[in-house]
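Each remark here refers to the structure printed beneath this line.
The values are calculated or read from the model by the stated rules, or taken from the named source; none is laboratory data. As the structure is a prediction and not an experimental result, all values here were calculated from the model. Glycine gets a Cβ as well: all are built from the backbone with ideal geometry, and neighbour counts include every protein chain shown. When the accessible area is computed, the model is the full protein with side chains, heavy atoms only, and any ligands, DNA or RNA have been set aside. Shrake-Rupley method; radii C 1.70, N 1.55, O 1.52, S 1.80 Å.
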Amino acid sequence: LPSRDARTTIPVRMHCSWPCRFLLLAAVLSSGLLASEGAKQQVALVIYSDSRIQPGMMIIDQAIREPLAKLPAERLAYFTEFLDTVHLPGKDYEDGFAAYLGEKYRQRRIDVILCVRDAAFAFALQHRDVIAPGAPLLYMGVAAQRLAGLHLSDDVAGLPMEIDVAPVVALARRLHPGTRFAVAGGCTPFDRQWLDAFRAEFAGHEAEVTWLVDRSLEEVVAAAAALPSDTVLLIGYFGSDALGRTFVPLHAGEQIFATASVPSYVCYSNVVGTGATGGSVFDLEDAGRRAGAALLRVLDGERPADLGLQPLRPVLPMLDARQLRRWGIAEGALPPGARVINRETSFWQAYWHWILGAVLVIACQAALIAALLTGRRRLQRAQAGLLESEQRMSLATSAASVGLWVLDLRSGGFWANATCRRLIGLGADDSGGLARLMAPIHPDDRPRSEAIAGQALQAGADFDDEFRILLPDGTVRWIHARGRVELAGDGKPLRMLGVVLDISEHKRMEQDIERHRLDLAHLARVSSLGELSGSLAHELNQPLTAILGNAQAALRHLDRPEPDMAEVHEILSDIVRLDKGAGEVIQRMRAMLRKEDSVMRPLDLRTVVEDVLLMLRSHLVAANVACVSELGALPARISGDPVQLQQVLINLVVNACDAMCAAGVPERRLCIRIVVEDGIRCDVIDHGPGIPPEQRERIFETFVSLKPSGLGMGLSICRTIVHQHGGSLVVADAPGEGACLRLRLPQARPSGAAER
Amino acid sequence: MTATIHLVDDDADVRRALGRLLRLHGYRVVEHGSAADLLAAPHDGGPACLLLDLAMPGVGGLALQAVMRQAGDQRPIVFLTGEGDIASCAGAMKAGAVDYLTKPVDADALLDAVDRALSRAAADSANRHQVLAVEERLAELTGRERQVMELVVAGRPNKQIAHALGIAEKTVKIHRGRVMQKMAADSLADLVRMAGLAGVDPGRTPPA
C-alpha cells in the first residue's frame, strides 16, 4: 500500500474524509468462534484511519455505537484504535502499531474488527493475523473502485463508497435550470477519479462545461472568480494542483469558494459549510449507524459475506443556507429531504422554549393582571352599584316613607333605616332585640302585637300587623308592619326582618269614612224614629195613661176618710213598675237617637229582635200587622252593635209593614224567624206583594226605594251595617207570596269573647 | 140599677188603672182585651157605656163602633186615643161617639165623659120605652086611620085630608076621633110628638 496515498488522502481536520484509496487485504479468521461464545462478553475493535480528535471520526464513532447500545455492557467490550497514518506514515510504524495491538488485545480475544476508511482497512487486512487472528473483518467508507479488484474471503465485508456525480449534477440543474457548468479538480489519482466521473456524466454535453483542471490552485481560484453568471462550479476532489502541491481538499475548496463568482456544488458533506453552496453528499451518521448494525449482526454470528451490505453513495442533498441566500436561491426549490445547514436559526428557533416559557409567564401574569383588574373593576362596579342601589333604596324608602329593619335573633342586635327609626321612635339603639323594637308600641296594642310576633317566631312564618306607636311627646302614630322570620339550617329562627309604614293618614281616612258611615246610619235611625214617632208616643202614652189613672185613683183613695192602704200600696207598686217600663222605652229610643261609635259586644240576636218588636208594637198595631216571632230555643250568639242591629231590624219590619199596607193586603201577617245553623240566620217574612226578582239587588242600592215616599237610604245603610258585622243581607225566596229579607251573621263563640 | 162600663183596651195596665178609677166611683167595670172579647160578652140590656181604645191590634175602636151600630147596638161610646188626630176624631164623633179622650186621660175628664155617656144611655133607654108604647098603639090603627093620622100630623085640615083620600070630610072627622082615642093622645101636639117618636113620616101616604 503506497504510504503517499495515505498521507495525501486523509486530511488532518476532515471529519469525513474517509474515502481513501487503500486496497487492503486482510487475513480473515473464522467467525464461527464468535457464535459459540454465547453469553460470554464479546469484544469488538474499531480501527479508524484518522486521528481520535477528528470531528468526522467522532461523529462516526458515535453513530456506530448507537445500534450497539442495545447490548448491555457485560455482553460487549468495545475498543477503538486510531491509525492516524496521515500524520504518522510509514511501514515501520504500521508494523509496530500492529504488533502493539496484537500484544494489547492478546488477553481479550477480539470477535470482530471494523475498519473505517481505506487506510485502516488496508492495515487490518495486512495485520489481522497479528492483531486478532481469525476475527471477521468489516469495513466502511472504502472506495468501491479500489475494492473491485480484490478477492475477499467471506469473513470480510463492508460498506464501500461509490464515486457518483450524477446526484450533484442533478441537484445543480434543479436549483439552476439551464445552467452551464464549470468543473474544477486536482491532479491526484483520486482527484482524477472524480474528474473522470464528471467527464462521463457530461459526455455528449461538452459544450456546456468549462474544465478548470491541470492548473495551479491560484489559477483555479482566479478562473472560478471570473466565471460567467450562467455557470455553476462543481468540485469533486482537490488533493493537489498542477504544481504538485498537495492540499487538504477542504482548504483548497475554501480558497476557491471564497472568491468564486458562481454557486459551487460539492460531494462531501464537510465541504458544505466552507463556502460551497451545497452538494449531493455522503451521509456520515447514516453510514456509521449502518456499520454499527452490521457489527451487531456479525457479533450475533452472521457471516459478513451474508450481510448484503449496500455501498455508501453521495445522495444526501445538503445545502448551506447562507450560500443559498448569497446566491438568491429559494429554499422552496430544494429537493425533498434536503438537509440545510447554517440555517440562521431565528430567535424563535434558538430560544423557542425560552420564548415560550417567557410568553407563558407573561401570559400568566397578564391573565393574572387582567383577572385582578377585572376583579377590581367588578368590585368597583359592584361597589358603585351597591352604592347606587343603596342610594336608590334609600331614596325609595324615604320617598315611600318605608321603614326597614333587620333583627338578628341570636345576638339581639338590629339594624333599622332612618325612616324606621323615625317612624317608631327608635333613637340610635341597635341592640335589645325584639323587646326594644316593640317597646314604642302603644300599651293598648302591645299585647296583641307581641302575640302576633310570638306566633310568627314560633311558626317561622310571615306576619302582618297594625298597631299604634306612642311617641314620647304623646303623639300617636298608626303603623302597618309586615315582615318575615328567616330560619337557620337547624330550623331555628335566625333573623326577623320587615318593613314599617306610617298609615296614620290612612287610618285617619278610614276613621273619617267610619265616622261618615256612622253619621249616615245615625241619620237614618233618627229619620226612621221620626217616622215611628207616633207609634213611639203611643208606647209612652200607654204607661203614662196607666200611671195617671193609677195615681189619681190612689189620690181618691187617700181622700177618703178611711183609705184602703193596701189598695194604695198596690197602686203605687203598679205606678213604679209602669214608670220603669216607660223609662225603658225612653232608654231604647234614646239609644236609637244617640250618635255613638260602634261598639261590638256579645249579643243574643233574639234579644235584639224582642227589643225591636217592643219598640214597634204600636207601629204594628197602627199598621194592623200581626207579627209572629219564631226566635227558637237556642241562643243566637253573635257579636255586634245592638243599636245598629236594631236599626236594621226596624228597617226590615217597617218596610214589611209598609209593603203590606201599600198593597192593601187584608190579612197583614209578619213573621220574624231566627234559625241557628251555620251562622245565625234571621228572616223577616211578610205577606205583601213580594219583591220582583229584578229588584232584589237594586233595593240595596242607595236612593232606590220601592216605596213612593222612600228615600232609598234604609236598606243601603242596613246592608253596610250588616257587612260591618261580617254578615250579609239579601232578598231570599219567600215561602209564600210575600217578601223574605234574610239577614245572616257569623255565630260568635259561646265563650262570648268579643272580637276586635 | 148600676151602670156598666165596658173598658176595651189591649193594654192590661191601662185597663187596670182606669178600671180602678171607675170602680172607685161606683161603676161596674167590665174589662175587655180586644174588640172580639167585647162582642163575645153577653149584653144584659142595662145602662151601659163603652170606653174604647182607638188603636188596638186586630179590630180597632172605630171598626168596632161600626160593627156595633150595624148590629143596632146603641150603647154610647167614649173613645180613648194615644194620638189625637183630627180625622179619626171627626169620624168617631160623626158616628155618634159621646167623647174622644186623649191619653193620658185625666180622671175628672174621664168620669165626666162616662157620666154623659151613661145619661145618654139612660135617656135613650126612657125614650125607647115611649116609642115602644106608641108603636104598640100605632099597630092598632087601621090603614085608613094610619093614613088620616099621617096627614093630620102633617098639619093638613080635614077638608084637604078628605080630598086627598077621596072621602067625605065627615068620615075624616070620625077616623080622626078614633085615632086620637086609640093613640091616647091628649091633644094634636101630643099626637105629633108620638108620631115623631115612632118615626111616622108625616104626609108619607100619597094622595089617593
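Computed values, structure above
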quantity	calculated
Matching residues in region A:540-584 - criterion: being more than 10 Å from every other protein chain (Cβ to nearest Cβ) and open to solvent by less than 60 Å² (accessible area, probe 1.4 Å)	A:Pro563, A:Val568, A:Ser573, A:Ala582, A:Gly583
Criterion violated by A:Leu518 - all others in (1) within 14 Å of chain B (Cβ to nearest Cβ); (2) open to solvent by less than 30 Å² (accessible area, probe 1.4 Å) satisfied	(1)
Of all residues making up region A:538-564, the number that are touching a helix residue (DSSP H, G or I) at 6+ places or on another chain (Cβ under 8 Å) and more than 15 Å from B:His25 (Cα to Cα)	10
Residue tally, condition closer than 24 Å to A:Ile503 by Cα, at pLDDT 85 or above and open to solvent by less than 50 Å² (accessible area, probe 1.4 Å), over region A:377-415	6
Flag if B:Asp112 is away from chain A (no Cβ under 11 Å) and either acidic (Asp, Glu) or not in a loop (DSSP other than H, G, I, E, B) (or both)	yes
Filter result (touching a Leu at 6+ places or on another chain (Cβ under 8 Å) and modelled with pLDDT of 85 or more) within region A:64-100	A:Ile64, A:Pro67, A:Leu68, A:Leu76, A:Tyr78, A:Phe79, A:Thr80, A:Glu81, A:Glu94, A:Phe97
Close pairs (8 angstrom Cβ cut-off, 6 or more residues apart or separate chains): modelled with pLDDT under 90 and among the small types (Gly, Ala, Ser) in region A:314-326, part of a strand (DSSP E or B) and open to solvent by 10 Å² or more (accessible area, probe 1.4 Å) anywhere	A:Ala321/A:Val340; A:Ala321/A:Ile341
Checklist (1) under 60 Å from the mean Cα position of the chain (by Cα); (2) assigned to a helix (DSSP H, G or I); (3) within 18 Å of A:Gly56 (Cβ to Cβ) applied to A:Leu250, failing item	(1)
Residue tally, condition crowded, with 18+ Cβ neighbours inside 10 Å and without any contact (Cβ under 8 Å) to a residue 60 or more places away in the chain, over region A:214-258	16
Qualifying residue in region A:484-491 (condition: part of a helix (DSSP H, G or I), open to solvent by 70 Å² or more (accessible area, probe 1.4 Å), closer than 22 Å to A:Gly433 by Cα and not β-branched (Val, Ile, Thr))	no
Qualifying strands (runs of 3 or more DSSP E) (wholly inside region A:394-483; at least 1 residues being under 19 Å from A:Glu505 (Cα atoms), without any contact (Cβ under 8 Å) to a residue 24 or more places away in the chain and more than 38 Å from the chain's Cα centre (by Cα))	A:463-470
Residues located in region A:165-191, provided they are touching a residue at least 40 places away in the same chain (Cβ under 8 Å), hydrophobic (A, V, I, L, M, F, W, C) and surrounded by fewer than 19 Cβ atoms within 10 Å (Cβ to Cβ)	A:Ala170
Odd one out for A:Gly273, checked against (1) open to solvent by 10 Å² or more (accessible area, probe 1.4 Å); (2) without any contact (Cβ under 8 Å) to a residue 40 or more places away in the chain	(2)
Condition met for A:Ala623 (surrounded by fewer than 22 Cβ atoms within 10 Å (Cβ to Cβ) and within 14 Å of chain B (Cβ to nearest Cβ))	yes
Identity of the residue in region B:32-58, in a strand (DSSP E or B) and away from chain A (no Cβ under 13 Å), that ends up farthest from the chain's Cα centre (by Cα)	B:His32
Scan of region B:35-45 for residues that are surrounded by fewer than 18 Cβ atoms within 10 Å (Cβ to Cβ) and either closer than 18 Å to B:Asp9 by Cβ or in contact with a strand residue (DSSP E or B) (Cβ under 6 Å, 6 or more places away or on another chain) (or both), ordered by number	B:Ala36, B:Asp37, B:Leu39, B:Ala40, B:Ala41
Among the candidates B:Ser88, B:Ser119, B:Ser125, residue that is of a type in the set (S, T, N, Q) and within 14 Å of chain A (Cβ to nearest Cβ)	B:Ser88
Residue among B:Val29, B:Val14 that is within 14 Å of another protein chain (Cβ to nearest Cβ) and within 23 Å of the chain's Cα centre (by Cα)	B:Val29
Any hit, region A:29-40, residues being surrounded by fewer than 23 Cβ atoms within 10 Å (Cβ to Cβ), modelled with pLDDT of 75 or more and either in contact with a strand residue (DSSP E or B) (Cβ under 7 Å, 6 or more places away or on another chain) or not in a helix (DSSP H, G or I) (or both)	yes
Count - residues of region A:142-157 that are surrounded by 23 or more Cβ atoms within 10 Å (Cβ to Cβ) and either among the acidic types (Asp, Glu) or on the phi > 0 side of the Ramachandran plot (or both)	1
Matching residues, region A:524-539, being open to solvent by 20 Å² or more (accessible area, probe 1.4 Å), hydrophobic (A, V, I, L, M, F, W, C) and more than 9 Å from chain B (Cβ to nearest Cβ)	A:Val526
Any hit, region A:171-183, residues being of a type in the set (Lys, Arg) and touching a strand residue (DSSP E or B) at 6+ places or on another chain (Cβ under 6 Å)	yes
Residue ID - most open to solvent (accessible area, probe 1.4 Å), chosen from residues in region B:3-34 that are over 26 Å from A:Leu540 (Cβ atoms) and in contact (Cβ under 8 Å) with a residue 40 or more places away in the chain	B:His25
Residue within region A:627-640 that is within 30 Å of B:Leu51 (Cα to Cα) and either away from chain B (no Cβ under 12 Å) or surrounded by 14 or more Cβ atoms within 10 Å (Cβ to Cβ) (or both) present	yes
Given (1) surrounded by fewer than 17 Cβ atoms within 10 Å (Cβ to Cβ); (2) in a loop (DSSP other than H, G, I, E, B); (3) within 14 Å of chain A (Cβ to nearest Cβ), number of the condition B:Pro104 does not satisfy	(1)
Matching entry among A:Arg606, A:Arg617, A:Arg601 (being in contact (Cβ under 8 Å) with a residue 24 or more places away in the chain, within 12 Å of chain B (Cβ to nearest Cβ), under 30 Å from A:Ile638 (Cβ atoms) and among the basic types (Lys, Arg))	A:Arg617
When residues of region B:59-77 are limited to those that are among the small types (Gly, Ala, Ser) and open to solvent by 10 Å² or more (accessible area, probe 1.4 Å), the one farthest from the other protein chains (Cβ to nearest Cβ)	B:Gly72
Within region B:59-83, considering residues that are in a helix (DSSP H, G or I) and not polar (S, T, N, Q), the one nearest to B:Val8 (Cα to Cα)	B:Gly61
